[in-house]
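Step one of this worksheet: look at the structure below.
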Amino acid sequence: MLDALREEQIVIKVGGRFKLSTLIQKRLVQLNAGSRPLVDLSTQDKMQVVLQEILEDKIYLDASQQVKLVGEFQGTGESMELDLGDL
């Protein structure tokens with residue numbers, strides 16, 4: 001799995017080696033703090049989990065260099081009202 005780091009595909013996917021190393025480091029911190037993995041692997045190696053999450057497009061760095069999950073709601077924190085009559 002660490003061979004994936006040698007491949008240009010993952011570097012290009014993330015947007016460069018610096019962004020890749022930042023994403024890996026920040027995601028490892030999250031996993032070590034108790035975040036759940038987003039992929040099912042039969043390993044306890046968190047580095048392999050992070051690399052697989054990147055390869056499967058599950059995580060990315062946003063413009064402020066924070067790890068974001070694909071599909072994560074990024075609202076204002078206000079509650080939303082849904083009016084089903086508008087459908």
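Count, please, the residues in segment 24-63 that happen to be small (Gly, Ala, Ser) and either touching a residue at least 24 places away in the same chain (Cβ under 8 Å) or closer than 24 Å to GLU8 by Cα (or both).
1
With respect to the numbered conditions (1) assigned to a loop (DSSP other than H, G, I, E, B); (2) modelled with pLDDT of 90 or more; (3) not hydrophobic (A, V, I, L, M, F, W, C), which one is the sole condition not fulfilled by ARG27?
Every listed condition holds for ARG27 apart from (1).
The values are calculated or read from the model by the stated rules, or taken from the named source; none is laboratory data. Predicted model, so just to flag it, every value in this text is computed and none were measured. Quick reminder, even Gly has a Cβ in these numbers, built from the backbone with ideal geometry, and neighbours come from all protein chains shown.
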